[in-house]
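All remarks here apply to the structure that follows.
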Amino acid sequence: MIYADNAATTKLSGTALNAMLPYLREAYGNPSSLYSLGQQAAEALAEARQTVADCLHCRPEEIYFTSGGSEADNQAILSAARRGKARGKTHIISTSFEHHAVLHTLQKLEKEGFTVTLLDVHETGRVTPQQVAEAITDDTCLVTIMYANNEIGTIQPIADIGRLCRERNVLFHTDAVQAAGHLEIDVGRENIDMLSLSGHKFHGPKGVGALYVRKGIPLTPLIEGGAQERRKRAGTENVAGIVGMAAALKEACDHLPEHTAKVSALRDKLIAGLDAIPHGALNGDRNHRLPGNVSFCFEGIEGESMLLLLDDRGICASSGSACTSGSLDPSHVLLAIGRPHEVAHGSLRLSLCEENTEQEVDVMLREIPQVIDYLRNMSPVWRK
Amino acid sequence: MIYADNAATTKLSGTALNAMLPYLREAYGNPSSLYSLGQQAAEALAEARQTVADCLHCRPEEIYFTSGGSEADNQAILSAARRGKARGKTHIISTSFEHHAVLHTLQKLEKEGFTVTLLDVHETGRVTPQQVAEAITDDTCLVTIMYANNEIGTIQPIADIGRLCRERNVLFHTDAVQAAGHLEIDVGRENIDMLSLSGHKFHGPKGVGALYVRKGIPLTPLIEGGAQERRKRAGTENVAGIVGMAAALKEACDHLPEHTAKVSALRDKLIAGLDAIPHGALNGDRNHRLPGNVSFCFEGIEGESMLLLLDDRGICASSGSACTSGSLDPSHVLLAIGRPHEVAHGSLRLSLCEENTEQEVDVMLREIPQVIDYLRNMSPVWRK
Amino acid sequence: MLYSEKVMDHFRHPRNVGILEHPDGVGEVGNAKCGDIMKIYLKIDQDTVSDVKFETFGCGSAIASSSMATEMIKGKSLDEVMDLTNKAVAEALDGLPAHKLHCSVLAEEAVKAALKDYYDRHNIAYDPKQFSSIDCEGCH
Amino acid sequence: MLYSEKVMDHFRHPRNVGILEHPDGVGEVGNAKCGDIMKIYLKIDQDTVSDVKFETFGCGSAIASSSMATEMIKGKSLDEVMDLTNKAVAEALDGLPAHKLHCSVLAEEAVKAALKDYYDRHNIAYDPKQFSSIDCEGCH
Ligand SMILES: Cc1ncc(COP(=O)(O)O)c(C=O)c1O
Ligand SMILES: Cc1ncc(COP(=O)(O)O)c(C=O)c1O
Ligand code: FES
Ligand code: FES
């Protein structure tokens, strides 16, 4: 099997699993409990918090553990909006190709009376700092722009946007779910106020994430209850998951340059090979993209049938984002970069990690054109 | 070590861990992905949903997976409140000794203009259906009453309250976090509209829970984003956690009568032994209590020092609920059943499970009186 | 699996793929914007479907539905073709996921559109009400 | 661990627990409602603490703070006792968790209350301002 859907989720690393196992077996105490078994869990949480903080270059007390990237996005945005409203500011800036965890939260806020500006991301899949600068008004309480896009892998000019927001005194949140563990992130240097990440996108476990919130910025709980996470996120902590996420993030960050070199070489080879298919086009900027992201649109075919045939040939890939596969609409990301509806249906995302090999790339470059040919031959919209 | 804090959290069962491991190792696909690896995860979710539904005697499409009991409580209550508000009803009935996941959510709603009636739970730690009946008005949109209390273990007359709420056409939610896997629950027969549970309270993993919502009752998402959980709870699913929770719940439900018999015998022996300590008193009704719950107040001493000394003697116990241990205030539950502040500070909760033994009970009955004596001797408020 | 074995079989080995050089009727429904287009070619001899081919741009269930629909009408009388329902197509496939049922609707409509085209070309009278409007919005 | 080794040592093996039969000064602070009461008994010889005992109703850090505070004043001159601070008690214990710092405050206050009682009983003049009001609310 060739797993080329690492943007959807990743295989749990051995390091992460081994870090988790003690907390799934003997060290099962509740971190809120006084006795040693509980304090052992509390210490594991403290260490995990320090590890995550080290990777982001912040302080441990700026890290809040959540159940994943979606929860972190929801909480960050709602909290910033509450703070904005209290100050009479109800304008939020984002982009048209954010993850639904961001977009749907913004839609909810619009119903509550907030005004949302979604910046155009152009054919390149990138916003410019100028667009942000021009969109900021006296009423703006939040800029939320993803670090890197999950479908087309384009990386945004986060440091420049961060500087600008800091200068204009506007909160800046970034959904770094696709970036954490894959790109060097320094929340201080990049002037990021809030950042979301999710464990399972960098070989950590599913169902656990983190929210970084810069010291001094008030955070409102999304989940109310017990005193966990300094009263900002109630619920008995997923100790094993948190420990596993921290171990995976550390492993990813420790090997970042090495993995980046390896994975982007595979990516470039794959892109070069797929570029040869006629009536296909790479989605998003060629240079500012995640090391592992390959995203194409192929005319005349529909994504799902391509994926099923690739699955038959042992290749795990995706078309648009996995979490919208229940939907019939084409990806809002591909529409946002200007792909026509009929072309957006024919998208293919291959997302690589350091475990992929050159032989796998060769196999994909052999199989994918065959599948596309086969489907185009069956397609009434394809002029043979 | 004697682990007698199963109400705080439980040891993951071997069955649950074994059920989880494949999903932490090779079966790491995203359930939203089309290819086999993803569909394998999707099937695991479907099976887990069926298992949980079987245990509660409902349909799988009435089960929503969450990150734990707190999230389930928050979502159920906020969702019911939204529905109420849309119909012009803004009164909610609950009790004064709910978990903070409920109480804090209700406080949030009060700030939004809801009126909340917290019913008295008497010295017995139980509400009566009559109290509920009298509190319901035309403005009432929700009754939320816990199935069993987490600190003093008292079981509420859920079926009677359920019938009453159904007759009066008021939504009924119950926080069954302490009850699921420990008591026979039949949401249909008991007329429960919404029910929260949490995996780690019945030998499942931490950080995963479920919300039952009766078919036809609209549910509002708390976490917005992807299409997971039929669009009611976004975020990549914690597949391993969900599978583990389902396996643990099934195991608990399959052995319910047997475990209940064993654990309540241990409980009764422990209660009888501790009853002999002067100036101590059992908290909550003697009969309507969870099989594993033993809760006492001892005059003249403070809980934390008792716990630390018990920990030194290898006994894991709690004083009030674990999640409020960051607080200096005495337990709101003990105050709710009328314990004076100074007495509420001296509380001890021992919560047993089927893995506890009679020898362990004997050890506890030897050690606990010694610790209490020692501390009372040091106490200026204890008249020797 | 998302799809039944039957769906996967028809998806992997679609029957009657291709075009007919001199068809007696052709029907095309759906639209590329929605991601599904089906085109059915009919050859008709003595009020019987003597040959049928399809081309489909669409998801797995669209391809399987086309394949199954063509199998179901091949060799059948035009009256029998007229009785084809999307339900029958979905059932013959051992069911489709709820959000994919529209693909079987599309298959029924493509067959009917081809039949209507045959009637139109050959000036054969028919009751237009029998051919419900083929509308992309309808199946969402 | 929640507490330092030092705290746990003083909690497990508290020094100077008990009462003095004929104390020269007694101080009691805190209240049972809050879950912390400390009572300090002083024996004073020639302006020096010749003996000290304590009784405490409270958490681990309250017991450890009482124990440490009594150790810190035993054998010390009354001027030195007057200089005892809660900070010094907490530091001597290698620190306390933030929400437990009030226990060291209580220990300082109990010692000062006992000293004040000694002055009062023996009609020794002192500056009342030196003895800040001992108030349960203050430390929350
Ligand atoms: C009665 C009750 N409700 C809710 C919760 C919250 O569950 P969790 O900590 O899993 O979110 C708990 C336990 O902590 C509980 O005992
Ligand atoms: C950019 C982005 N944001 C948010 C999420 C949501 O993360 P999770 O599914 O872990 O909640 C994802 C992935 O699903 C993502 O790719
Ligand atoms: S999706 Fe286009 S016809 Fe239904
Ligand atoms: S808690 Fe009572 S004195 Fe501080």
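Note on A:Arg383/A:Ile217: beta-carbon distance plugged into 1/(1 + (r/R0)^6) with R0 of 51 Å gives a FRET efficiency of 0.35. The amide H of B:Arg289, built 1.01 Å from its N in the peptide plane, has B:Ile155 as neighbours under 5 Å, considering only residues 5 or more places off or on other chains.
Treating each Cα of the range B:95-227 as an identical point scatterer and ignoring solvent, apply the Debye formula and state log10 I(q)/I(0) at q = 0.11, 0.14, 0.18, 0.21 Å⁻¹. Values returned for q = 0.11, 0.14, 0.18, 0.21 Å⁻¹ are -0.39, -0.65, -1.10, -1.49.
Take every Cα-Cα pair in the range B:226-336 and report what % of them are more than 23 Å apart. Tail fraction, whole percent: 51. Across all directions, the shadow cast by the convex hull of the range A:172-227 built on its C-alpha atoms averages 4.8 square nanometres. Per the Debye formula on identical point scatterers at the alpha carbon atoms of the range A:325-384, with no solvent, log10 I(q)/I(0) at q = 0.19, 0.21 Å⁻¹ is -0.94, -1.02.
Report, in listed order, any pair from B:Lys215/C:Lys87; A:Lys85/B:Lys201; D:Lys33/D:Lys87 with a Cα-Cα distance greater than 29 Å. Too far apart for the 29 Å limit: A:Lys85/B:Lys201. For chain B, the 222 nm mean residue ellipticity estimated from helices alone, with every DSSP H stretch of n ≥ 4 adding -39500 (n - 2.57) and the total spread over all residues, rounds to -13000 deg cm²/dmol. When chain B is turned onto chain A, the axis of that turn runs closest to one Cβ of chain B, and that residue with its distance in whole Å is B:Ser67, 2. Backbone amide hydrogens, once placed in the peptide plane, bring B:Phe172 within less than 5 Å of B:Val143, B:Asp193, B:Met194, excluding anything fewer than 5 places away on its chain. The 3J(HN,Hα) values that the Karplus relation (6.51, -1.76, 1.60; θ = phi - 60°) gives for the range B:36-45 are, in residue order, 3, 4, x, 5, 4, 5, 4, 5, 4, 5 Hz. Gly and Pro appear as x. Taking 0.36 nm per residue of sequence separation and removing the Cα-Cα distance, the A:Glu134/A:Gln370 pair yields an extension gain of 80.3 nm. The tail of the calculated P(r) for the range C:1-125, taken as Cα-Cα distances beyond 21 Å, holds 31 percent of the pairs. Note on C:Ile19 and A:Arg59: their simple-model spin labels are 7.1 nm apart, each label 7 Å out from Cα toward Cβ. The 3J(HN,Hα) values that the Karplus relation (6.51, -1.76, 1.60; θ = phi - 60°) gives for the range A:188-204 are, in residue order, x, 4, 8, 6, 8, 8, 9, 8, 10, 9, 9, x, 6, 8, 9, 6, x Hz. Gly and Pro appear as x. In terms of other Cβ atoms within 10 Å, B:Arg289, B:Arg376, B:Arg230 run from fewest to most in the order B:Arg230, B:Arg376, B:Arg289. Once both labels are positioned 7 Å from their Cα atoms along Cα-to-Cβ, the gap between A:Glu43 and B:Arg189 label points is 4.8 nm.
Relative to the longest principal axis of the C-alpha atoms of chain A, give the angle of the C-alpha long axis of helix A:14-24, reported between 0 and 90° and rounded to the nearest 10°. Its long axis makes an angle of about 40 degrees. Taking N as the residue count of the range A:1-65, its C-alpha radius of gyration divided by 2.2 N^0.38 Å amounts to 1.39.
Set the Förster radius R0 to 51 Å, insert the Cβ-Cβ distance between D:Asp51 and A:Leu118 as r into 1/(1 + (r/R0)^6), and round the FRET efficiency to 0.05. After rounding to 0.05, the efficiency reads 0.10. Positive contributions from Lys and Arg (+1) and negative ones from Asp and Glu (-1), summed over other residues with Cβ under 14 Å from the Cβ of A:Leu309, come out at -3.
Taking every Cα-Cα distance in the range B:89-133 and sorting them into 10 Å bins starting at zero, the pair-distance distribution P(r) comes out as 27, 52, 20, 1 percent. For the range C:50-140, chymotrypsin sites (Phe, Trp or Tyr not before Pro) meeting the loop criterion (DSSP other than H, G, I, E, B) and having at most 14 other Cβ atoms within 10 Å: C:Tyr126.
Per-residue ellipticity at 222 nm from helix content only, as computed over chain C with -39500 (n - 2.57) for each DSSP H run of at least four residues, stands at -12000 deg cm²/dmol. Label-to-label distances for D:Arg121 across copies, nearest first, come out at 11.8 nm, using points 7 Å from Cα in the beta-carbon direction. Taking all Cα-Cα distances within the protein assembly as shown, those exceeding 57 Å account for 23%.
Distant-in-sequence amide contacts of A:Glu302, defined by a placed amide H-H separation under 5 Å and a gap of 5 or more residues or a different chain, comprise C:Gly58. Of B:Met378, C:Met82, B:Met194, the sequence from fewest to most neighbouring Cβ atoms within 10 angstrom is C:Met82, B:Met378, B:Met194.
Relative to the longest principal axis of the Cα atoms of chain A, the long axis of helix A:239-254 makes an angle of roughly 60 degrees. Between helix D:101-121 and chain D there is an angle of about 10 degrees, using the helix long axis and the longest principal axis of the Cα atoms. Summing charges over neighbours of A:Thr124, with a neighbour being any other residue whose Cβ is under 12 Å away from its Cβ, gives 0 when K and R count +1 and D and E count -1. Applying D = kT/(6 pi eta Rh) to chain A, where Rh is the Kirkwood radius over alpha-carbon pairs, T corresponds to 37 °C and eta to 0.692 mPa s, the Stokes-Einstein value obtained is 153 µm²/s.
All of the numbers you see were taken from the coordinates with simple rules; none came from a lab. Just so you know, these numbers come straight off a predicted model, no measurement behind them. We place every Cβ from the backbone using ideal geometry, glycine too, and count neighbours over all the protein chains shown.
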